[in-house]
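This report refers to the structure that appears directly beneath it.
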């Protein structure tokens, strides 16, 4: 009975590693052969791990084997990505750390320094309970990190995060002495010292990175806000020009009448085109002047590029400050720019559907746009040049959404990129 329970928990552990990677990298279109090889790889890993657990509860060398094996299987399914290797390493190092640390904690609570040694080579209910607790905590932790990745993007997705599995492995390395006969008491002291040192180093590293990354992101966002501020000023000027032209309608009609009567039809057409361009930016969508100007400008750009634009907006409150105007400019401007760029890269029928409305103290933003199939694997990565501009637009969007404690969700489904944003007033 205990052996069956251990086998089930082991299969869940192995399947969980592929679930964890799959959350970040949805499956691309694979041939039947690729899918078959993937299933064989998963089944092989599960079988080998069940055999290993029949020999011993914990093996640091087998942990390294699992990381390499799982990474190779994922590479065959998703392509070679360094972040895939990191996700796999983080998953297994965390699960094994939980197993070992919970075993140490159980021995401390039971006043039994040899508890981990007993569970290492003998399958008992103690080992099953440790497995259950470790995998339950792990499932909660991994789910939390995934669902909060957009709000904590500065904290979670820097290169420094790659050192976390290294810290975890150092803890496991220190725990090896506990499995040495007669060295359990010394091992506990050594483990405590290593854990404290690792935690302190990790906290210092986190604060250092967050400070530098937030400073960098803030500078990039302010740069984009400045760019959109100038664009906003241009839109306002066009709006004022349209209002002035509306006010002078009689004079314009007289001018057109004179041009037509004098046979200057080409100049009359140019004059009409100029009037139409001026009127184009004066449409009202939400009742908020700044947002209406921006939507009008971006929708006009999309239509000029042959993109079918559909708008469904409700009334919104006026911005309360210039800073709020700049935040909306950065958020909506980047959202539209990404959608237009994605449509340009798509060879089929191009379309953008944009909706924005208020429900109580919440503003809901919904956008759908055509996208190449590769977007499902590359996410929101842009193709802009130079290379250092890659991802700045998405950083700005996430920065503004996080600033207002909002929620950002996106997915790619059948050549359609869908973005949903919830903003709290």
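Residue check: is residue 64 surrounded by fewer than 16 Cβ atoms within 10 Å (Cβ to Cβ) and modelled with pLDDT of 85 or more? Let's see the steps before the verdict.
On the way: surrounded by fewer than 16 Cβ atoms within 10 Å (Cβ to Cβ): yes; modelled with pLDDT of 85 or more: yes.
Yes.
Can you find, within the stretch 240-276, the residue that is nearest to the chain's Cα centre (by Cα) among those that are outside any helix (DSSP H, G or I) and modelled with pLDDT of 65 or more?
The residue in question is 264.
Scan the stretch 326-338 and tell me whether some residue there is assigned to a strand (DSSP E or B), modelled with pLDDT of 75 or more and crowded, with 19+ Cβ neighbours inside 10 Å. Can you show your working first?
Filtering the stretch 326-338 for residues assigned to a strand (DSSP E or B) gives none.
Taking every residue of the stretch 326-338 in turn, none turns out to be assigned to a strand (DSSP E or B), modelled with pLDDT of 75 or more and crowded, with 19+ Cβ neighbours inside 10 Å.
Working carefully through the options 375, 422, find the one that is at pLDDT 85 or above, touching a strand residue (DSSP E or B) at 6+ places or on another chain (Cβ under 7 Å) and farther than 17 Å from residue 302 by Cβ. Spell out how you get there, then give the answer.
Numbers: 375 fails: at pLDDT 85 or above.
Exactly one of 375, 422 is at pLDDT 85 or above, touching a strand residue (DSSP E or B) at 6+ places or on another chain (Cβ under 7 Å) and farther than 17 Å from residue 302 by Cβ, namely 422.
Looking only at the stretch 297-312, which residues are out of contact with any helix residue (DSSP H, G or I) (no Cβ under 7 Å at 6 or more places or on another chain) and either touching a residue at least 24 places away in the same chain (Cβ under 8 Å) or buried (at least 18 other Cβ atoms within 10 Å of the Cβ) (or both)? Spell out the reasoning first.
So in the stretch 297-312, the residues out of contact with any helix residue (DSSP H, G or I) (no Cβ under 7 Å at 6 or more places or on another chain) come out as 299, 303-304, 306, 308, 310, 312.
Result: 299, 306, 308, 310, 312.
Criterion first (under 28 Å from residue 336 (Cα atoms), modelled with pLDDT under 75 and assigned to a helix (DSSP H, G or I)) does residue 318 satisfy it?
Details: under 28 Å from residue 336 (Cα atoms): yes; modelled with pLDDT under 75: yes; assigned to a helix (DSSP H, G or I): no.
Judged against the criteria, residue 318 is not a match.
The values are calculated or read from the model by the stated rules, or taken from the named source; none is laboratory data. Everything numeric in this text was worked out from a predicted model, so none of it was measured. We place every Cβ from the backbone using ideal geometry, glycine too, and count neighbours over all the protein chains shown.
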